[in-house]
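S.K.: I am attaching a structure below and will ask some questions about it afterwards.
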Amino acid sequence: MDRPKLEVADIFRLYGEAYRQKHGVSLSTAQRRVMTAIEVCRTAALGGHLEHCDSCPYERPCYDSCRDRHCPKCQSLARAEWVEKRKTEVLHCQYFHVVFTLPEDIAALAYQNKDLVYGILFRATAETLSTIAADPKHLGAEIGFFAVLHTWGQNLLFHPHLHCVVPGGGISPDGTRWVPCRPGFFLPVRVLSRLFRRLFLTYLEQAFDAGQLHFFSSLEALHDPPAFTRYLAPVRTQEWVVYAKPPFAGPQQVVDYVGRYTHRVAISNHRIVDIEDGQVKFLWRDYRNNHQQKTMQLSAEEFIRRFLLHVLPSGFHRIRYYGFLGNRYRKEKLEHCRQLLNMASPNESSSQSQPCEDYCDRYERLTGHSLRECPVCHRGRMIVVKLLAGVRSPPAIQNTS
């Protein structure tokens, strides 16, 4: 795919300082750090090196990346490395994609309590899937899966939900056999939805009783217990959206899918169409209208506001693993699953990084794209001829929390 002509970084460089001046008091430290990281990513501010082709006169500066997980330019290698690890874990069985979504009223609480409520979302989702799968009336087995947190919709508004990728079966209670699910069907979504709602609200109320929830602005009145109870009353009877997508076509599609999906940020640079006169145009897909692709225009200020809605708390893990894919016993339990499915163990040595492998070699091995090939003559190799020091230090981030 060709490099996009316009980037989120361009919007931040053009309009970010004005946004800070106007909304500085309300910006969190994490949001300020993300803004600065994206603005200076692959610019002279971070330094880098000068490369010269060994077969033609072409020369280029290559500036260092910010490596921030919210930066649209810094995800390709991280994504490729993650996929390489997951390839060895794919089992020969059906795979399913289940999405758990928070209602709008709960999403408002989540935005003011991201770390806590996102954690409850993961916990309630994991317990829901594991509990229903273990029930003999449904599957009667221990399953394994991973969950990925997304907080955005195509229009960049706040829409927290979890995408779960689940093998279609699990280990029997006595550990002696693989229990497959029915072809094309994993677990009943209405049963999942009801348990998810009950567990989530239970953990949310426990957090409120422990004084762990914080409320600001229009939600400030919820500090009062009766007001909090009244606020939750409608969502207790509301149907919470749990959606099971059609099963994957096969193990390779699972790998291809997770490679595109797990390391997304709120919007990719390729979706940005135009930046002019304080306005930003970008492509979006209207899922409520036959998945039609449309163009949305926002003021740069509103675009930045929406993008910053999705900045994660520092150190928060947005991909988590459960059941037989849980980190602690993953290697042993996956091997047990392979034995039950009559699968050969993967040859992991072929995918291991070489001790002297540098960034460019690793990038080419994992993505198939060369960073060394000359983009002009396509014969020569780009050779580092000079190191470039950063021209300035990134501005200090004041703690406003």
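S.K.: Treating only the Cβ atoms of Lys and Arg (+1) and Asp and Glu (-1) as charged, compute the dipole magnitude of the chain about its Cα centre; round to the nearest 20 debye.
M.R.: Using Cβ point charges on Lys, Arg, Asp and Glu, the chain gives about 460 debye.
S.K.: Okay, moving on. For the chain, calculate the relative contact order in percent as a whole number, restricting contacts to Cα pairs under 8 Å that are 6 or more residues apart.
M.R.: Here the relative contact order equals 29 percent.
S.K.: Among the lysines, which have Cα under 27 Å from the Cα of residue 333 when same-chain residues fewer than 8 positions away are ignored?
M.R.: Within reach: 85, 87, 137, 245.
S.K.: Here are some values of Rg/Rh (Cα atoms, Kirkwood Rh): (i) 1.10; (ii) 0.96; (iii) 0.99. Which one was computed from this structure?
M.R.: (iii)
S.K.: Mind checking which of 364, 205, 220 has the largest fluctuation in a GNM of the chain, springs on alpha carbons under 10 Å?
M.R.: Among 364, 205, 220, the largest mean-square fluctuation in the Gaussian network model of the chain belongs to 220.
S.K.: Another one. Along the Cα→Cβ direction, 7 angstrom out, place labels at residue 206 and residue 341. What is the inter-label distance in nm?
M.R.: Inter-label distance under the simple model: 3.2 nm.
S.K.: Measure off 7 Å from each Cα along the Cα-to-Cβ vector at residue 172 and residue 67, then give the distance between these two points in nanometres to one decimal.
M.R.: Once both label points are built, they end up 4.8 nm from each other.
S.K.: Taking 0.36 nm per residue of separation and subtracting the Cα-Cα distance, what length does fully extending residue 115 through residue 221 add?
M.R.: Here the segment from residue 115 to residue 221 would lengthen by 36.1 nm.
S.K.: Using a cut-off of 19 Å between alpha-carbon atoms, which aspartates and glutamates can reach residue 114, once sequence neighbours fewer than 8 places away in the same chain are excluded?
M.R.: Here the aspartates and glutamates satisfying the reach criterion relative to residue 114 are 68, 104, 105, 205, 209, 220.
S.K.: Related question: Using the count of nearby Cβ atoms within 10 Å as a rough guide to exposure, how do 181, 93 rank from fewest to most?
M.R.: Ascending number of Cβ neighbours within 10 Å: 93, 181.
S.K.: Seen from all sides and averaged, what is the projected area of the convex hull of the Cα atoms in segment 43-90, in nm²?
M.R.: 5.4 nm²
S.K.: Taking 0.36 nm per intervening residue step and subtracting the Cα-Cα distance, what contour gain separates residue 134 from residue 252 on full extension?
M.R.: Working it through step by step, the gained length comes to 39.8 nm.
S.K.: For every other residue with a beta carbon closer than 12 angstrom to the beta carbon of residue 101, add +1 if it is Lys or Arg and -1 if Asp or Glu, then tell me the sum.
M.R.: -1
S.K.: Most fluctuating residue of 334, 222, 201 in a GNM of the chain with Cα springs under 10 Å: which is it?
M.R.: So, out of 334, 222, 201, the one fluctuating most is 222.
S.K.: OK, next. Need the C-alpha centroid separation for segment 265-307 versus segment 29-67, integer Å.
M.R.: One Cα centre to the other: 25 Å.
S.K.: Any idea what the dipole of segment 253-347 comes to, in debye rounded to 20, about its Cα centre with Lys/Arg Cβ at +1 and Asp/Glu Cβ at -1?
M.R.: Once rounded to the nearest 20, the dipole reads 520 debye.
S.K.: Then there is this: Residue by residue, what Karplus-based ³J(HN,Hα) values in Hz, rounded to whole numbers, does segment 57-63 have, using 6.51, -1.76 and 1.60 with θ = phi - 60° and x for Gly and Pro?
M.R.: Working through the residues one at a time gives x, 5, 9, 8, x, 10, 8 Hz.
S.K.: Please order 177, 320, 3 by the number of other Cβ within 10 Å, starting at the fewest.
M.R.: 3, 177, 320
S.K.: Here is a further query. Work out, step by step, the length gained on full extension between residue 236 and residue 189: first 0.36 nm times the residue separation, then minus their alpha carbon distance; give nm to one decimal.
M.R.: Difference between extended and current length: 15.2 nm.
S.K.: Please compute the net charge surrounding residue 299, taking Lys and Arg as +1 and Asp and Glu as -1 over other residues with Cβ under 14 Å from its Cβ.
M.R.: Result for the neighbourhood of residue 299: -1.
S.K.: Let me ask something else. Name the most mobile residue of 215, 200, 282, meaning the one with the largest mean-square fluctuation, in a Gaussian network model of the chain with Cα contacts below 10 Å.
M.R.: Highest fluctuation of the listed residues: 215.
S.K.: Under a cut-off of 17 Å between alpha-carbon atoms, report the lysines in cross-link reach of residue 281, not counting same-chain residues fewer than 8 places apart.
M.R.: Partners within reach: 5, 294.
S.K.: Okay, moving on. Please name which of 297, 279, 244 has its Cα lying farthest along the dipole of segment 227-322 towards the positive end, using unit charges on Cβ (Lys, Arg +1; Asp, Glu -1) and the Cα centre as origin.
M.R.: Final value for the positive-end residue is 244.
S.K.: Can I ask one more? Any idea how far apart residue 55 and residue 105 come out in nm if each label point goes 7 Å out from Cα toward Cβ?
M.R.: Roughly 6.6 nm, to one decimal.
S.K.: Kindly provide the helix-only [θ] at 222 nm of the chain, computed as the sum of -39,500 (n - 2.57) over DSSP H runs of four or more divided by all residues, to the nearest 500 deg cm²/dmol?
M.R.: For the chain, the value works out to -11500 deg cm²/dmol.
S.K.: Let me ask something additional. Of 234, 200, 189, whose Cα points farthest to the positive end of the dipole of segment 184-236 (charges on the beta-carbon: +1 Lys, Arg; -1 Asp, Glu; origin at the Cα centre)?
M.R.: The listed residue farthest towards the positive side: 189.
FYI, it's all coordinate maths here, none of it is from the lab. Computed from a prediction, not measured in an experiment: that's the story for all the values here. Note that each Cβ is placed from the backbone with ideal geometry, even for glycine, and that neighbours are counted across all protein chains shown.
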